[in-house]
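A short write-up of the structure that comes next.
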Amino acid sequence: MAAADELAFHEFEEATNLLAETPEAATTSRSEQLTPQGHVAVAVGSGDSYGAEDEVEESDKTALLQEEKQQPGFWTFGYYQSFFDVDTWQVLDRIRGSLLPRPGHNFVRHRLRNRPDLYGPFWICATLAFVLAITGNLTLLLAQRRDPSIHYSPQFHKVTVAGVTIYCYAWLVPLALWGFLRWRQGVRERLGPYTFLETVCVYGYSLFVFIPTVVLWLIPVPWLQWLFGVLALALSAAGLVFTLWPVVREDTRLAAAVLLSVVVLLHALLALGCKFYFFQPLPPAHVAPPPRATALPPSILLPPTSPWSVATPDGQSLQAQHERTLLPALPTLRP
Amino acid sequence: MRSRIREFDSSTLNESVQNTIMRDLKAVGKKFMHVLYPRKSNTLLRDWDLWGPLILCVTLALMLQRGSVDSEKDGGPQFAEVFVIVWFGAVTITLNSKLLGGNISFFQSLCVLGYCILPLTVAMLVCRLVLLAEPGPINFMVRLFVVIVMFAWSIIASTAFLADSQPPNRKALAVYPVFLFYFVISWMILTFTP
């Protein structure tokens, strides 16, 4: 019976496809607050015939939703609270979605369900900044173990650098992208792209894969580090590209290709920059540690094996040992 | 109750300075005891004060200063950096838990987070004493063990006070930033080299 078919439980996939095709039908949740920004739909070519049938229902539904929707002003606390309206399992689900990008699945439609949150991007960026600084410092420690002439210091200023870099990347690049897509929308006069928050969300969650990668970069095997880096970059950039593809494919071929390649390039630059700035390459294993003064006869002059870092207690003690070995050597050098 | 409060108010104006200071110090000390032996009690939340966090933060920042006179660019955290991390970290975590829908007031949360730095301050003290001995792997293992134990103690203490104020399906979201905060402070303590 047709009625029974309509009443039958629809699969999860169908529901998400329906939502992808008619994004105006925002999903409601336990809380009354809906997405505060009126987002516009992405025009999907194949969905036109489907959309025509539902149009009458759609207008009723949207009218009802707009009556219910009370958007608090941006000066109230409730406005910002609507961006943190996520549960633990939702955040975990979004993180999982960013780790495993699939070609058909649009992150914004399928995972975010047009309800972006700010919790994920903010805390993922904070975690990434601290993990970068900490693991970078750990590589310096490992390098010092192998070559004691390298001076270990906590390098706390790198935390500031990491924080500023990551936050600027995760907020300014989505701003530029959103602005660019809006401008192209203006040119094409079609229904537009994602809202600013959705773009920030996509970028924020796509940075999550770098957190375990950065920790794995502690392993001092160079080809393994490059492998992990390339893998993380591929996953992250794939997530971004699959999300941007439905918006960008209606544009000219050239603009689409340029946009996507710029996005991937910026992501790659971030990964490379982090690798080179924060991580200290391990010195080769055959560097001999500077010998102690007592173990050698005083007539042998000790050549320095590596540049001294003068202003440290370690450097001073080694220099003092150096002087102690030089002084007894002087009488033997006189003819 | 009201008359008692009125009597309390008028009598504190005439008391000696020593009484005032001792009363505040006793309140701070009582809260320290609550942090060191965390139970599910409301004392930290009910009469919050920010003296304890200030004392702890200043002590921690002073102890994290290196003795060397030369200004190395890549040294440990400066006094201002520690201060900023502790206070802005606490403010950010408080804002986060309020935005997630927690029903704890702003200053109560700051108070709890600040007081729960006490175990880490004790760890810093112990690390400084241990560093007076000769350096070596045993030295490092002792410091690592002390910092890990005190880090766990801080997390348990703050979670005991803060967890109940969050909606049940968002507890992990509210506790994770606290974990990150104390982890960063523990890292600063562990990497301290005089």
For chain B, modelled as a Gaussian network with Cα springs under 10 Å, which listed residue fluctuates most, B:Leu62, B:Leu162, B:Leu110?
B:Leu62
Spin-label proximity, B:Gln78 to the stretch A:136-172 - amide N less than 15 Å from point 7 Å beyond Cα toward beta carbon
A:155-161
In deg cm²/dmol, rounded to the nearest 500, the helical mean residue ellipticity at 222 nm of chain B, built from -39500 (n - 2.57) for every DSSP H run of length 4 or more, is -23500 deg cm²/dmol
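Sum up the charges of everything whose Cβ sits under 15 Å from the Cβ of B:Tyr176, counting Lys and Arg as +1 and Asp and Glu as -1, but leave B:Tyr176 out.
Working: positive: A:Arg94, B:Arg170, B:Lys171; negative: A:Asp87, A:Asp117.
Computed value for this residue: +1.
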Pairs of Cα atoms under 8 Å, at least six residues apart: use those to get the relative contact order of chain B, whole percent.
27 percent
Under a GNM of chain B (C-alpha, springs under 10 Å), which listed residue has the highest mean-square fluctuation: B:Ser16, B:Ser165, B:Ser154?
B:Ser16
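Say R0 is 35 Å: what FRET efficiency, to the nearest 0.05, do A:Phe180 and A:Leu224 get from their beta-carbon distance? Don't skip to the end; give the middle numbers.
Working: r = 37 Å, r/R0 = 1.05.
For A:Phe180 and A:Leu224, the calculated efficiency is 0.45.
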GNM of chain B, Cα pairs under 10 angstrom: of B:Thr59, B:Thr20, B:Thr92, the biggest fluctuation goes to B:Thr20
Tabulate in residue order the Karplus-calculated ³J(HN,Hα) for the stretch A:115-130, using 6.51 cos²θ - 1.76 cosθ + 1.60 with θ = phi - 60°, rounded to whole Hz; enter x for Gly and Pro.
10, x, 10, 9, 4, x, x, 5, 7, 5, 5, 4, 4, 5, 4, 5
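Could you rank the peptides A:240-252, B:123-135 by their average count of other C-beta atoms within 10 Å per residue, with the highest value first?
Working: A:240-252: 18.3, B:123-135: 15.0.
Per-residue Cβ counts within 10 Å, averaged per peptide and sorted highest first, yield A:240-252, B:123-135.
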Too long at a 32 Å Cα-Cα cut-off: which of B:Lys30/B:Lys171; A:Lys275/B:Lys171; B:Lys26/B:Lys98; B:Lys31/B:Lys171; B:Lys30/B:Lys98?
A:Lys275/B:Lys171
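Could you work out the local net charge near B:Asp24, counting Lys and Arg as +1, Asp and Glu as -1, over the other residues with Cβ closer than 13 Å to its Cβ?
It works out to a net charge of +1.
Computed from the coordinates by the stated procedures, all read-outs in this text should not be read as laboratory data. What you are looking at is a predicted structure, and each value in this text was computed from that prediction instead of being measured. Don't worry about glycine lacking a Cβ; one is built from the backbone with ideal geometry, like all the others, and counts go over all protein chains shown.
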